[in-house]
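Data first, discussion second: the structure below is written as structure tokens.
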Amino acid sequence: MQIDKNFHSKRNCVRLIQDNEHIYVEKKFFNLMDYRTECEWYMMLRTRGFYIPKLLNSNTDTLTLQMEYIQGITLLEHLEILEAMNDQEGAILWMSRLFENFKRLNQQVGCYYSDVNLRNFLVFGDRLYLLDFEAIRSGKELPIAKTLAFYLLYRPMKTSFKQKVVKMCLCNNMQGHIEPKVWEWVEHIEQRRL
């Protein structure tokens, strides 16, 4: 077994493993509740047509999941590339795909992402994969304003590109009424980071 990469995670140990000819992602949880939550939502989402990595193995004793490795990039990385190319339409398209997933989660499953870190979503081809199911909670919240606020605050923060993308996302999703909420979230997040 060879560890090829450690992925960024504040809550778990997530790494890319190469074992003989198999490559997979291993996710070790430090908390039993997070492990159980991830497993429960995984089982629910896999039958609902969402793009998620295949679960290869789970071990309750070690609180470990082994999942299919998808050779994509995080939504955050993809949005950074689109910003470097000044492709606002592309950024709006991908944010809209994310929001469509949020709406489907609400309508089909009755849940939402409480952690809208854009590293929790993976772009592969034209597909958007959902990751980190321990961040999913029951309820009908649509975290669009919160997501847009986090997007604005990734470095470099509040660029004119990001502000235009946010404004267009609000217009395209008929969510103009939540613009004040976006700025409330921005203020809240900035205060929390002090």
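Where a number appears in this text, it was derived from the coordinates with a stated rule and is not lab data. Every value quoted in this text rests on a predicted model; they were computed, and no experiment measured them. Neighbour counts are summed over all protein chains in view; Cβ atoms, including those assigned to glycine, are modelled from backbone coordinates with ideal geometry.
Lys and Arg at +1, Asp and Glu at -1: add these up for the other residues within a Cβ distance under 15 Å of Glu187 and post the number.
+2
Amide H to amide H, which residues 5 or more places from Phe124 or on other chains are under 5 Å from it, using H placed in the peptide plane?
Amide H neighbours of Phe124, under 5 Å, 5+ apart: Tyr129.
Taking 35 Å as R0, compute the FRET efficiency from the Cβ-Cβ separation of Ser9 and Ser138 and round it to 0.05.
Values: r = 23 Å, r/R0 = 0.66.
Computed FRET efficiency for Ser9 and Ser138: 0.95.
If you filter the stretch 44-122 for trypsin sites (Lys or Arg not before Pro), then keep DSSP loop positions with at most 12 other Cβ within 10 Å, what is left?
Those satisfying the criteria are Arg48, Lys54.
Which value results for Rg/Rh of the chain when Rg is the Cα radius of gyration and Rh the Kirkwood radius based on the inverse mean 1/r?
Radius of gyration over Kirkwood radius for the chain works out to 0.97.
Using a cut-off of 19 Å between alpha-carbon atoms, which lysines can reach Lys164, once sequence neighbours fewer than 8 places away in the same chain are excluded?
Leaving aside lysines fewer than 8 places away in the same chain, those within reach of Lys164 are Lys146, Lys181.
Stretch Tyr51-Lys158 to full length: gain in nm at 0.36 nm per residue minus the Cα-Cα span?
On the way: separation 107, 0.36 × 107 = 38.52 nm, distance 2.99 nm.
The Tyr51-Lys158 span can extend by a further 35.5 nm.
Taking 7 Å along the Cα-to-C-beta vector as the label spot, tell me the Glu100-Asp115 distance in nanometres, rounded to one decimal.
Going by the 7 Å Cα→Cβ label model, 2.7 nm.
Let's test the formula: R0 of 41 Å, r as the Cβ-Cβ distance of Leu93 and Asp61. What FRET efficiency results, to the nearest 0.05?
0.45
DSSP loop chymotrypsin sites (Phe, Trp or Tyr not before Pro) in the stretch 1-58 with at most 10 other Cβ atoms within 10 Å of their Cβ, which ones?
Answer in residue order: Phe30.
Would you please calculate the Kirkwood hydrodynamic radius of the stretch 80-194 over all C-alpha pairs and express it in Å, rounded to one decimal?
By the Kirkwood definition, the hydrodynamic radius is 14.6 Å.
Are there any GluC sites (Glu not before Pro) in the stretch 119-194 that are in a DSSP loop and have at most 10 other Cβ atoms within 10 Å? List them by number.
none
Can you show me the helix-derived [θ] at 222 nm for the chain, built from DSSP H runs with n ≥ 4 at -39,500 (n - 2.57) apiece and divided by the number of residues, rounded to the nearest 500.
After summing the helix terms and dividing by residue count, I get -13000 deg cm²/dmol.
Under 8 Å for C-alpha pairs, at least 6 residues apart: give me the relative contact order for the chain, rounded to a whole percent.
Numbers: 273 pairs, mean separation 33.1, N = 194.
Rounded, it is 17 percent for the chain.
Scan around Ile136 for amide H atoms under 5 Å from its own, H built in the peptide plane at 1.01 Å from N, and keep only partners 5 or more places away or cross-chain.
Here the answer is Ser114, since their amide H atoms fall under 5 Å of that of Ile136.
Counting only the backbone N, which residues of the stretch 86-130 are under 16 Å from the spot 7 Å out from the Cα of Ile73 toward its beta-carbon?
Under cut-off, by backbone N: 86-95, 118-129.
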